[in-house]
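Student: Take a look at this one; I'll ask things after.
The values are calculated or read from the model by the stated rules, or taken from the named source; none is laboratory data. The structure displayed is predicted, hence computed values, not measured ones. Every residue, glycine among them, receives a Cβ derived from its backbone with ideal geometry; neighbour counts consider all protein chains shown.
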Amino acid sequence: MKINFNQVSFTRKQKTILHNISFQLEGPKIVGLLGRNGAGKTTLLSILTAFQQASNGTVTLNNETTFENEHAVEQMIFVRDHNFEYETEKVGDYIETYAKFRPNFDHGYAHQLLKRFRVSKDLEVAKLSKGMASAMQVVIGLASRAPVTIFDEAYLGMDAPARELFYKEVLNDFMEHPRLIILSTHLISEMETLFEEVIIIKNGRLFTHEDKEAFQQRGYRITGDEQSVNEFSKDKTIVATQQLGPTKSVMIYGSFTDDDQRRLAELNLERSFVSLQDLFIHLTEEENEDDE
Amino acid sequence: MRPTLDDTRPIYLQIREMIEDEIIEGRLLEETQAPSTNQLVAFYKINPATILKGINQLVDAGILYKKRGVGMFVASGSKQQLLEKRKEHFLREYVEPMHKEAERLSISEDELHSLIFKRGGHPNED
């Protein structure tokens, strides 16, 4: 499975939502698509899955253009927030209807999952609670076993145990049926261990696309005496600062060299690790000041 | 096995250290099978690629080796090797910082020695 996003832009009502985004994904792999609300995650995914057409640029799946290409679209499933208000079918029937269009659908697995999520097949879809509707969609998403499986903030409305179950099933099913899974989220602390790669979208632009650990290790925190911290970080990118009396702590984004290691010891400073969530928060925070 | 991971260090390192601890503390014996990637994925709920990164480092270091079609095994001599590595680590991460701190607090060599023996329940103190 190979997805190629080539210089994709998307404009609606004269507002540019995605700016010239390019990346390549090659599975099997679990990828996290991260971005704040309104960053353009859903738009990006709906273009990826050919629900919308890019204003500029191309999207291909295994070198085939995806837009209006039935063969490509069949290989992808896009689970997103959906309004079931007028869906009078029962859960079981709804899933059966859906499964007809999914060549790899595993009915046995779907039923097992429904039980685990405690969603009855006999309930009317329109009457499901928000959490149950999300669970039903997650069941469809997983049981479809599409070569490209995409969950756009699929956990909405689910309580903590249901989310835990979802994360566990994503991993289990990925191990048994390796495929390209994309999970979009802003609940990073809960989900960061699931990802092998991350794509970060900031203000409609691609901020980074790389191995999760590699990205995470470019962020670190330096703590110590204020002057020494200033000395160490004078030519570095500081993304967050904290101060307590004469002690200063800064979060730095950039590579950490052997030379940095030596200076760290000389200046008697301490270096610590930052979580993906922390790094993400600080790197995507200054937004509003220079918004277009 | 440690039940949870923390977010103060890279996860693959924690996976690696967790397996090292199992060997050092004798819960995982030489020439026996190490936990599989699948088991670790299910236990810690982390991406298999992250687990593999930790395991591969242990393979490169000669602590684990692969038996084709069976899985990962703990190499002979790995416990001794790990103990030596951890002693160096102990020196760097515990002993040296302790000396530094003692200096800062104006604790003399002799005083430091007696403090260690007192706290550590040295046989001479019995």
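Student: Are any residues in the range B:41-64 within 7 Å of chain A (Cβ to nearest Cβ) and touching a strand residue (DSSP E or B) at 6+ places or on another chain (Cβ under 8 Å), and if so, which ones?
Tutor: Listed by number, the residues that qualify are B:N47, B:A49.
Let's see how each residue does on (1) touching a His at 6+ places or on another chain (Cβ under 7 Å); (2) under 30 Å from A:I3 (Cα atoms); (3) at pLDDT 95 or above:
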{"position": "A:V91", "(1), (2), (3)": "no, no, yes"}
{"position": "A:E96", "(1), (2), (3)": "no, yes, no"}
{"position": "A:R102", "(1), (2), (3)": "no, yes, no"}
{"position": "A:G108", "(1), (2), (3)": "no, yes, yes"}
{"position": "A:H111", "(1), (2), (3)": "no, no, yes"}
{"position": "A:L128", "(1), (2), (3)": "no, no, no"}
{"position": "A:V138", "(1), (2), (3)": "no, yes, yes"}
{"position": "A:T149", "(1), (2), (3)": "no, yes, yes"}
{"position": "A:E153", "(1), (2), (3)": "no, yes, no"}
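Student: Starting from residues that are in a helix (DSSP H, G or I) and more than 8 Å from chain B (Cβ to nearest Cβ), keep the ones in the range A:165-188 and report whichever is modelled with the lowest pLDDT.
Tutor: Per the criteria, the residue is A:I188.
Student: Here's a follow-up. Check B:I19, B:I11, B:I15, B:I23 and return the single one that is at the interface with another protein chain (Cβ under 7 Å from one of its Cβ atoms) and among the hydrophobic types (A, V, I, L, M, F, W, C).
Tutor: That would be B:I11, the only listed residue that is at the interface with another protein chain (Cβ under 7 Å from one of its Cβ atoms) and among the hydrophobic types (A, V, I, L, M, F, W, C).
Student: Additional query: Given the condition out of contact with any Cys (no Cβ under 7 Å at 6 or more places or on another chain) and over 27 Å from A:S9 (Cα atoms), answer yes or no: does some residue in the range A:196-211 qualify?
Tutor: No, the range A:196-211 contains no residue that is out of contact with any Cys (no Cβ under 7 Å at 6 or more places or on another chain) and over 27 Å from A:S9 (Cα atoms).
Student: Could you say whether any residue in the range A:229-240 is crowded, with 21+ Cβ neighbours inside 10 Å, under 28 Å from A:H282 (Cα atoms), touching a strand residue (DSSP E or B) at 6+ places or on another chain (Cβ under 6 Å) and touching a residue at least 60 places away in the same chain (Cβ under 8 Å)?
Tutor: Within the range A:229-240, none of the residues are crowded, with 21+ Cβ neighbours inside 10 Å, under 28 Å from A:H282 (Cα atoms), touching a strand residue (DSSP E or B) at 6+ places or on another chain (Cβ under 6 Å) and touching a residue at least 60 places away in the same chain (Cβ under 8 Å).
Student: Do you know which residues across the range A:213-262 are assigned to a loop (DSSP other than H, G, I, E, B) and more than 30 Å from A:I30 (Cβ to Cβ)?
Tutor: Hits for the range A:213-262 are A:K234, A:D235, A:K236, A:G245, A:P246, A:T257.
Student: Something else about it: Give the residue that is nearest to A:Q277 (Cα to Cα), with candidates limited to residues of the range A:191-209 that are out of contact with any Phe, Trp or Tyr (no Cβ under 8 Å at 6 or more places or on another chain), modelled with pLDDT of 95 or more and within 14 Å of chain B (Cβ to nearest Cβ).
Tutor: Selected residue: A:F195.
Student: Which one is nearest to the other protein chains (Cβ to nearest Cβ), of the residues in the range A:210-229 that are small (G, A, S) and either touching a Lys or Arg at 6+ places or on another chain (Cβ under 9 Å) or on the phi > 0 side of the Ramachandran plot (or both)?
Tutor: Out of the qualifying residues, it is A:G224.
Student: Let me ask another. Answer with yes or no whether B:T32 is in contact with a helix residue (DSSP H, G or I) (Cβ under 8 Å, 6 or more places away or on another chain) and closer than 19 Å to B:V70 by Cα.
Tutor: no
Student: Looking at (1) under 30 Å from A:L279 (Cβ atoms); (2) touching a helix residue (DSSP H, G or I) at 6+ places or on another chain (Cβ under 6 Å), find the lone condition where A:E87 falls short.
Tutor: (1)
Student: Out of the range A:148-164, which residues are within 13 Å of chain B (Cβ to nearest Cβ) and either closer than 14 Å to A:S129 by Cα or not basic (K, R) (or both)?
Tutor: A:E164
To keep it simple, each residue is scored yes or no on (1) among the acidic types (D, E); (2) under 23 Å from A:R179 (Cβ atoms); (3) surrounded by 13 or more Cβ atoms within 10 Å (Cβ to Cβ); (4) modelled with pLDDT under 95.
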residue	(1), (2), (3), (4)
A:F10	no, no, yes, no
A:K13	no, no, no, yes
A:R36	no, no, yes, yes
A:N69	no, yes, yes, yes
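Student: Of the residues A:S120, A:S134, which is of a type in the set (S, T, Y) and assigned to a helix (DSSP H, G or I)?
Tutor: A:S134 is the lone residue from the list that is of a type in the set (S, T, Y) and assigned to a helix (DSSP H, G or I).
Student: Filter the range A:251-284 down to the residues that are more than 11 Å from chain B (Cβ to nearest Cβ), surrounded by fewer than 19 Cβ atoms within 10 Å (Cβ to Cβ) and polar (S, T, N, Q) and list them by number.
Tutor: Across the range A:251-284, the qualifying residues are A:S255, A:T257, A:Q261.
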